[in-house]
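Step one of this worksheet: look at the structure below.
Every number in this text was worked out from the coordinates using simple rules, so none of it is lab data. Just so you know, these numbers come straight off a predicted model, no measurement behind them. Positions of Cβ are backbone-derived with ideal geometry, glycine not excepted, and every protein chain shown enters the neighbour counts.
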Amino acid sequence: MRVRETGGSAVVPNEVSADMILWGGNIMTMDPKRPGARAAAIKDGRFLKVGSETEVKALAGKNTKMIALRERTVTPGFIDSHQHLSQYGTDLLQIDCSPRRCKAIAQIQQAVLKETKRRPAGEWIRGVGYDDTKTQDQRILTRRDLDEVSPDHPVFIHHVSGHWAVVNSRALEIGGIREETPNPPGGVYGRDPHTGRLNGILYEQAEFAYVFEGTNSQLPIMPAFSLKERMKGIRLASDRYLASGITGVHDALVSAQTLETYQESFKSGELKLRVYMLISVEYLPHLPALNLRTGFGNEWLKIGGVKILADGAIAGRTAYLSEPYIGSEERGILAVESEETLHELIRKGHEAGFQVCVHANGDRVIEMALNGFEKALIQLPRKDHRHRLEHCTVVTPEILKRIRKLKLLVTPFGSYIHHHGEKMIPYYGARRVEMMFAHRSFLDYGIGVSGASDNPCGPYEPLLAIQSCVTRKSAAGEVLGAKQRITVEEAIGLYTMASAYASFEENFKGSITPGKLADLVVLGEDPRRVNPDEIKDIPVEMTIVGGEVKYRPG
Ligand SMILES: [Zn+2]
């Protein structure tokens, strides 16, 4: 028994009394050894006991905080295994060009014009969330639209996919992009199909050059947000995530600057949820020298895998496919120089002891990544590598077999059927959509599949994603690829245990099990009992991280 000194008098703590007890509810533990329980006790940020009310209440002491669940449902805290908390954070500091706010190009113009009046000429104006398929104009925003309202301020409007953007002439000039400038490797400068002139659209690497800092102190064309702004962004974004039941995330693109933001947020006690960081492959050359590898950190902040971006985006129609997009000759964009480059990056990440996470949407690039993983694992076999195919959207039975054989994990978009729905058919065709976001197939093949939103490219709410995976219904109510439906339990499993597994943390996260971190969500209703079309409307009534209440509706 430990004795604690407190200013002269020794206090003998009651070792067995809990800090908090939640009782009288429907607890979905996601622990196969005990799937359901009525109560849970928490001590020192971890679950102490899970079981019947009588068993658990026996651990109540005079300082135990008692929370009556009143028959509400509890699940483990949701873990999003692929999203961009840091990017979403700074997005919240920019103009919201999403269809919620800007239904037409004219509204984006008005918002930009308003900003030009608030800022000195020369200062950057940034917008996010633009979705050409959801604005009324039936055409894409161009530099001319932006020039009309902002001749002197450089403007950068990010497409919701994150894989392309539209800039004005001033921004092109600052980036040194002229009519005769050749496309950068892995990127494209968009051009007007009639005149052949630059239209201000920047694809893939052409866009990233504006946003992401490279190694060797190569700065992005747009000035970065300050550390203070970035930390504010993390706070704002985390609050939204917590309000949707998220207690942990895998940040799928971490740069030196992002690492700084997280470290400082953790140090100052502002980090409210747990972060597993996928480091941008740009930094790979620096990591082996430090002997830094996957798993370094603590239960709040951890170095995860190395992230390689190999192709474009599903909603941006730049995923690299084996067969062209419907009604087009285009097959998407390979975001690395060649298949060999991709293999080389996979090999290096693998050799350096990292979990290697390859963003691969289209079936063509998935095959290339599989070839790369196969080679790397033959050259240097490693058990339990848990290498990942990020998104892994368009698959075939052949691809599924190879993924299973190589024991790779996948992180498909959880909410895209709901969010993008019927617009997928004209791009990919009904046959391909049957095998996109293939949650059922992954489970049936025994492939490790986890929950992922890719926020801000998709909505972050896990309950919405769970509904989408269970119903395969678009927001308008159309069912797409019904064969890929999974059960509510399976969908919750993706967002809890499977995501914990995807970061090697299943021994202390992902289920309500004694000894594990006390991360949980209290839901107003049981997702298994409501109409599946209404899962997204279930209220999140409390989110607890490490035994502390981090969210409760005001
Ligand atoms: Zn992503």
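Think of each Lys and Arg Cβ as +1 and each Asp and Glu Cβ as -1; about the Cα centre, that makes the dipole of segment 96-234 roughly 520 debye. Hey, which lysines would be in cross-link range of Lys536, C-alpha to C-alpha under 20 Å, not counting anything within fewer than 8 residues on its own chain? Within the straight-line cut-off, Lys536 pairs with Lys473.
When only the Cβ of Lys, Arg, Asp and Glu is charged (+1, +1, -1, -1), the dipole of the chain relative to its Cα centre reaches about 1380 debye. Taking every alpha-carbon pair within segment 365-521, the share separated by more than 29 Å comes to 18 percent.
Calculated on the alpha-carbon coordinates, the convex hull of the chain measures out at 169 cubic angstrom per residue. I need the fraction of alpha carbon pairs in segment 7-97 separated by more than 20 Å, rounded to a whole percent. More than 20 Å apart: 52 percent of the Cα pairs in segment 7-97. Each Cα pair under 8 Å and six or more residues apart adds its separation to the average, and for the chain the resulting relative contact order is 16 percent. Note on segment 171-234: dipole from Cβ charges, positive end direction compared against Gln205, Thr195, Pro185; the farthest Cα belongs to Gln205.
Considering only beta bridges that DSSP places wholly inside segment 356-477, some 10 percent are antiparallel. Summary of the geometry: segment 334-351 and segment 110-161, compared by the centres of their Cα atoms, lie 35 Å apart.
Please report, to two decimal places, log10 I(q)/I(0) for segment 364-420 at q = 0.14, 0.25 Å⁻¹ as given by the Debye formula with identical point scatterers on the Cα atoms and no solvent. Here log10 of I(q) over I(0) equals -0.40, -1.05.
Take every Cα pair under 8 Å whose residues are at least 6 apart in sequence, average their separation, divide by the length of segment 86-186, and the relative contact order is 25 percent. For the set Lys114/Lys232; Lys65/Lys516; Lys134/Lys401; Lys407/Lys483; Lys348/Lys550; Lys401/Lys509, the pairs lying more than 31 angstrom apart at their alpha carbons are Lys134/Lys401; Lys348/Lys550. Using Cα-only point scatterers and the Debye equation, what is log10 of I(q)/I(0) for segment 502-541 at each q in 0.16, 0.22, 0.31 Å⁻¹, rounded to two decimals? Taking Cα atoms of segment 502-541 as identical point scatterers yields -0.57, -0.77, -0.94. Based on alpha carbons, the Rg and Dmax found for segment 290-343 are 16.7, 50 Å. Restricting to Cα pairs below 8 Å that are 6+ residues apart, what does the relative contact order work out to for segment 404-554? Please round to a whole percent. After rounding, I find 22 percent.
Across the options Pro381, Thr513, Gly233, the greatest Cα extent toward the positive end of the charge dipole of the chain (unit charges at beta carbon of Lys, Arg, Asp, Glu) belongs to Thr513.
Calculate how many DSSP beta bridges within the chain are antiparallel, expressed in % of all such bridges and rounded to the nearest 5.
Roughly 50 percent of the beta bridges in the chain run antiparallel, per DSSP.
For segment 140-268, the Stokes-Einstein estimate of translational diffusion at 4 °C and a viscosity of 1.567 mPa s comes to 79 µm²/s, using the Kirkwood hydrodynamic radius over alpha-carbon pairs. Here's the list of aspartates and glutamates a cross-link from Lys57 could span, going by alpha-carbon distance under 14 Å and ignoring same-chain residues fewer than 8 apart: Asp19.
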